[in-house]
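Written below as structure tokens is the structure these notes are about.
The values are calculated or read from the model by the stated rules, or taken from the named source; none is laboratory data. Everything numeric here is computed off the predicted structure, so don't read it as measured data. Using ideal geometry, Cβ is built from the backbone for each residue, glycine included, and neighbour counts are taken over all protein chains shown. Side chains are part of the model used for accessible areas, which takes the heavy atoms of the whole protein and leaves out ligands, DNA and RNA. Shrake-Rupley method; radii C 1.70, N 1.55, O 1.52, S 1.80 Å.
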Amino acid sequence: MTFHPDVPDSSPWETHATRIVYTNPWMSLREDDVTTPTGTEGVYGVVSKPLALGVVAIDDEDRVVLVGQWRYPHDRWSWELPEGGLDEGEEPLEGIQRELAEEAGLAAATWERLTAAPIALSNSVTDELAHLWLATDLHPHEVESDDPTEDLRVARVPFDEALAACLDGRIEDAMTVLGLLLVERRRR
């Protein structure tokens, strides 16, 4: 797909050296010594993360399952879809099924991909990509989470109300906004 006829066929960036500056179980930070497309020398920082996963889980009363938690980087409460990262050795669908069980105590009989390919969540600072699914025919399926950073609240919100919260800014999480908009588009 080409939006403009003069797009480069290869990267105009030159990477001269790469070093890992920091790593933890959820991410790593690397610095690359680069020459930019305009010829400037510099350092580019990249946050590397495993594949992200999110699910729009809708119950038989047309309510969306949202998970709320305090998000440390923004220092505020956030309502969002059940989301998480891919564990080593997991397939993406297995990973999001695990996340739905851990975060919301649910499983689903029906799963449908919402994104044909992974989406870039913040492509200027991270290489993190994400897959989104739609899950329906929900039933209880509790699994213990071992994530010490999560203190979650679960809510079931009418779909139209959750969508309105995305459109008016009460919900800011990118995967949640995109997921609900994709489901709304499918419904039209």
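Here are a few things to note about the model shown:
- Residue ID - nearest to Glu103 (Cα to Cα), chosen from residues in segment 119-133 that are polar (S, T, N, Q) and outside any strand (DSSP E or B): Ser122
- Residues that are open to solvent by 40 Å² or more (accessible area, probe 1.4 Å) and among the polar types (S, T, N, Q), drawn from segment 117-129: Ser122, Asn123, Ser124
- Checked against (1) within 12 Å of the chain's Cα centre (by Cα); (2) over 14 Å from Ala52 (Cβ atoms), Leu86 passes all but condition (2).
- There is at least one residue in segment 101-116 that is open to solvent by 80 Å² or more (accessible area, probe 1.4 Å), more than 17 Å from Asp59 (Cβ to Cβ) and not basic (Lys, Arg).
- Those strands (runs of 3 or more DSSP E) of segment 1-93 in which at least 3 residues are among the polar types (S, T, N, Q) and open to solvent by 30 Å² or more (accessible area, probe 1.4 Å), considering only elements entirely within it, cover 14-23.
- Criterion (farther than 16 Å from Ala57 by Cβ and charged (D, E, K, R)) met by exactly one of Glu161, Glu150: Glu150
- Residues in segment 134-169 that are assigned to a helix (DSSP H, G or I) and among the aliphatic types (A, V, I, L, M): Ala162, Leu163, Ala164, Ala165, Leu167.
- Whichever residue in segment 130-183 is within 18 Å of the chain's Cα centre (by Cα) and acidic (Asp, Glu) and, among such residues, is most open to solvent (accessible area, probe 1.4 Å): Glu172
- Flag if Arg98 is open to solvent by 60 Å² or more (accessible area, probe 1.4 Å), in contact (Cβ under 8 Å) with a residue 40 or more places away in the chain and charged (D, E, K, R): no
- Segment 164-184 residues that are closer than 16 Å to Trp70 by Cα, paired with ones that are in a helix (DSSP H, G or I) (beta carbon under 6 Å, 6 or more apart): Ile171/Ala165
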